[in-house]
Each structure stands twice: as structure tokens, then as C-alpha cells.
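What follows is a short report on a single structure.
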Amino acid sequence: MTGKSTAAEQTLLSVTSEASATQETTQALLSSGADHLLGNYRQAPMVLARGRGCFVEDTDGKQYLDFAAGVAVNALGHAHPKLAAAIAEQAATLMHVSNYFYNAENVRLAEALCSVTGFERAFFCNSGGEANEAMLKLARRYQWNRGKKDKMRFIAFTNSFHGRTFATVNLTGTPSYREGFGEFPGVTHVPYGDLDAVKAAMGDDVCAIFVEPVQGEGGVLPAPPGFLEGLRALADQHEALLLLDEIQTGVGRTGPFLASEHTGVKADAIALAKGLGGGFPIGALLVGKHLTNVLTPGTHGSTFGGNPLASRAARVVLEVLLDDGVLAEVPKKGAYLGEKLAAVAARHKDLCDGERGLGLLRGLILKKGVDAREALAIARENGLLLTIAGGQVLRFTPPLVASYEELDLAVARVSEALATLRLRMVTKEPA
Ligand SMILES: *Cc1c(COP(=O)(O)O)cnc(C)c1O
């Protein structure tokens, strides 16, 4: 008998009462998931079944306030009526045609994105990592086209996150993510926020500076004042490009449509993904006027990129954010959540080192030595889904449509979770 069937049988045998029929399903799914999925994620022992607005429900019928929102993805929450209806309608009209042809949804989306960001043209793909890949290729090809064949080096930052593909993981400034995968040549990592270090690392061989306006995965770290402006100046000085990874910060997450709008810095190109499709997979590369003729036919592409279904989803997200007034509310809601989380941090001074963030991308900073994973698990037990960023930060990335009542509820639940965590820490302490 294989280990698999033993585990499944044990699961079935352990379930006796009729009342736990759904729990039986849950246990079977968890067990099968553990046996059949690759195991590259640390997945919570729960199975999500449905969602509406800011709430999701698991297969046992327990409800959670979802402030993970698919890692800053579900900008309109779950099952948004306009988004769900548009996707259903588009699926029944035209789903995929390839890029050998134009499709109206994709053209309209490109128009809308250029109009809201001021960039000139768009390329579409299916994820953040792919958008960054396109941006890397764009930058090297741009220099190569100008006859600068040795201008290939990228400046990236420690603690950054740019994706999991072969090139983007090597740009990512967290060594554990890169370990064992070999090196993608030509990346220099510099401390985030340290302009002098960037200055020292610059040279005529630098192709581009690659940076997040707020380090999201790295622990919700906004760029210090003047940092992006300084990078812009250094890039110009060395004829290098400034490339912004706005995959997590874009599409209104930090207040304005792009986080770089907080500064007025105009990048040469930016990458978007996460919130762009409101949960439907889509990524985008937006480029300035001087970069519209770099990726000529044959140099780059994506089979699924720009398909009508994903494009329609993103168009609806933009419509709801811009026309229904959701985006305009993000700065106020973000400031409100920030204030409340600062109060939570003050109330639990023994466990927290404060809060930080921009808009509705916020982090509650746990003190060194506080078990962030346990805090996350207790919040989950309390009916609040969050994620951890940078090891010690509880990250709040609610749907942008979250109400003030929902923000209050999240704050109450995380505060409760910290109180529970404190009790558990005390009981764990040796006598
Ligand atoms: C999530 C993220 C990525 C990677 O996006 P995927 O869709 O997972 O490939 C890249 N950069 C940043 C800043 C991100 O937050």
C-alpha cells in the first residue's frame, strides 16, 4: 500500500459524525493537496471555497475578512458583480485569438492605460514576473540598438522582490530566493534608499536601474524622500534607464494610480500586474515615447498576452477604480488604516515596532523575536487573512473597495490576535 492511500484512509476513518461531512471534504482536500501539489508553498491548513466583497469562506463554512486579497491582487474584492458579469460575457464572446490579430478589448485597454499613466505604449503578458522580463529585455535591447553592446549591467536593490523567473529572481535582492539557481550575469545589488551607494555602483556599463517605489515583499518599505528623484538623476547622468517595478504598488494600491506619482518622477518604463486584472491574470509593460521602437516584430511576445478575456477584466477594474470613485478614496482609507494600525502598535508596544506604508499597502512591524507566523495563524483563527512581508511585518493589502467598517474590523481582529499571541508566549515561557 502506498503512503498516499494510507493517509487518505486514515483521514476517512477519523471522520465519524455526520456533522463533520464538510470537514471530511476539507481533510481529504488538504491531504490530497499535500500529496499532489509540488510543495513549494507554505499553505495554511484551510481550503477556500467562495468569496464576496472583502470576505472569503472556507470549505468548513468559516468566514474570513480577506486583507491578503490574493497578495494585493483582488482590488475590487471577490465576485465583484461588474467584473464577474464582464468576464462571463467576454468568455461567451471571444476569449483568445493570439497576437496575430488585434482585438478590441486589448486595444481599448492599452488606450486606457496610456491615458491614465501618461506612458506611450503597452505590452501585455500574464503575470508580474513576465512584465519584468519584458522590461529587462527592453532595456538591454535599447542599449544594444544604440550600439552600446557593453552597456548591459543592472542596478537592483537589496531586499527587493521582482519575481521568480530565472532573470527576475536574480534581480531580486534576497539571497535565499536566488540560492542554488546559478547567476544571471550583470546585476549589482545596492542597499535600498542609499543614493551614495548607487552613485558608487554606477558606471558607463549600466543599462538600467531597476527599483520598486515601495518594497512590498521586502517588508512594506516606502522609498525614502528624494530617493527616486536621485535615481532618476543618476540614470540620466549615465544614459541608463530608470525602470520601475510597480507590480505591487500600481493600479491605485498606494493612493495614486502609480506610486511614482507621489514623487513626480517619470520612469522610462514600468511593470504592472497584481491588481490590474482584479484577480484575473494579466501583466503589462508600459513604455515612454523614446522606447516605442525597441521591441520590434520578432523580438518579444506572449501567446496568451493581451487576450480579450484578461483585457476585458482589466478594463472593468480601471472603470470601477476611476469612474466609480474607488481610487479617489484610497488615500483617505489608507491614512485611516495607518492611524489605526499605529494605535494597535502603541497598544501592543511589547510586540510591535510601529507601522508603515502608503495608501492601502501597510505593514504592522513586529519586534524581533516575535513569531510572525504564529501571529498570522492567530489572526486567521480570528477570521482575518493577512500576509507576512520581510519576515517580521504583518502586511495589510485589503481590496481597494474595503469600507471603513471593514478596516475597523481588521484592526480589531489583529489587535485581538496580538493579545492572544502575548498570552501564548507567556504560557510557553519556561517556569
Ligand atoms: C508579486 C510581484 C512580482 C511578481 O509577480 P508574479 O505575478 O508573481 O510573477 C514582481 N515584483 C513585485 C514588486 C511584486 O510584488
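In table form, for the structure just shown:
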{"read-out": "Using alpha-carbon coordinates, inclination of helix 81-91 to the longest axis of the chain, degrees", "value": "70"}
{"read-out": "Highest to lowest packing among 188-201, 328-341, 64-77, scored as the average C-beta count within 10 Å", "value": "64-77, 328-341, 188-201"}
{"read-out": "Ellipsoid semi-axes in whole angstrom, largest first, where each is sqrt(5λ) of the Cα gyration tensor of the range 208-252", "value": "20, 11, 8"}
{"read-out": "Antiparallel content of DSSP bridges confined to the chain, in %, to 5", "value": "65"}
{"read-out": "Average silhouette area of the range 142-211, convex hull of alpha-carbon atoms, in square nanometres", "value": "4.8"}
{"read-out": "Volume in Å³ per residue [convex hull over Cα atoms, computed for the range 286-431]", "value": "181"}
{"read-out": "Quotient of C-alpha Rg and 2.2 N^0.38 Å, computed over the range 173-316", "value": "1.12"}
{"read-out": "Per-q log10 I(q)/I(0), the range 373-431, q = 0.19, 0.21, 0.29 Å⁻¹ (Debye; single scatterer per alpha-carbon; no solvent)", "value": "-0.71, -0.82, -1.23"}
{"read-out": "Farthest toward positive dipole pole in the range 14-167 [+1 Lys/Arg, -1 Asp/Glu at C-beta], among GLY77, LEU136, ALA49", "value": "LEU136"}
{"read-out": "Debye intensity ratio I(q)/I(0), log10, the chain, q values 0.07 Å⁻¹ (C-alpha model)", "value": "-0.37"}
{"read-out": "GluC sites (Glu not before Pro) restricted to the range 187-290 and DSSP loop, no more than 13 other C-beta within 10 Å", "value": "GLU239"}
{"read-out": "Two-site FRET efficiency, THR303 against SER403, from Cβ-Cβ distance with R₀ of 30 Å, rounded to 0.05", "value": "0.15"}
{"read-out": "Relative contact order of the chain, pairs being alpha-carbon contacts under 8 Å that are 6 or more residues apart, as %", "value": "20"}
{"read-out": "Lys/Arg +1, Asp/Glu -1 at C-beta; the chain dipole; positive extreme among LEU376, LEU113, ALA28", "value": "LEU113"}
{"read-out": "Cα-centred dipole magnitude for the range 26-127, charges only on beta-carbon of K, R (+1) and D, E (-1), debye, nearest 20", "value": "100"}
{"read-out": "Dipole in debye (nearest 20) - the chain, about Cα centre, beta carbon charges: Lys, Arg +1; Asp, Glu -1", "value": "560"}
{"read-out": "Stretchable slack from ARG373 to ALA335, in nm (0.36 nm times residue separation minus alpha-carbon distance)", "value": "11.1 nm"}
{"read-out": "The range 76-178: C-alpha pair distances exceeding 17 Å, %", "value": "70"}
{"read-out": "Charge sum, other residues only, whose C-beta stays under 13 Å from ALA412's C-beta, Lys/Arg counted +1 and Asp/Glu -1", "value": "-1"}
{"read-out": "Check: the range 229-363 dipole with +1 on Lys, Arg Cβ and -1 on Asp, Glu Cβ, in debye", "value": "320"}
{"read-out": "Global size of the range 260-327 as Cα Rg and Dmax, reported in angstrom", "value": "14.0, 40"}
{"read-out": "Prolate/oblate/rounded call for the range 361-406, Cα gyration tensor, a/c under 1.5 rounded", "value": "oblate"}
{"read-out": "Charge-dipole axis of the chain as Lys and Arg at +1 and Asp and Glu at -1 on Cβ define it, positive-most pick from VAL401, GLY252, ILE87", "value": "GLY252"}
{"read-out": "The range 248-291: C-alpha gyration tensor shape, a/c 1.5 cut-off, then a/b vs b/c", "value": "oblate"}
{"read-out": "Among 389-395, 416-422, the order from most to least packed when residues are scored by Cβ within 10 Å on average", "value": "389-395, 416-422"}
{"read-out": "Gaussian network model of the chain, springs between alpha carbon atoms under 10 Å - residue of LEU37, LEU136, LEU386 with greatest fluctuation", "value": "LEU37"}
{"read-out": "Order by protection proxy (mean Cβ within 10 Å, highest first), peptides 98-104, 309-315", "value": "309-315, 98-104"}
{"read-out": "Pairwise FRET efficiency - ASP324 versus TYR102, Cβ, R0 = 25 Å, nearest 0.05", "value": "0.35"}
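Every read-out reported here was derived from the displayed coordinates using simple, explicitly stated rules and does not represent laboratory data. Please read all numbers here as calculations on a predicted model, not as lab measurements. Heads up, the Cβs are rebuilt from the backbone with ideal geometry, glycines too, and the neighbour counts pull from every protein chain shown.
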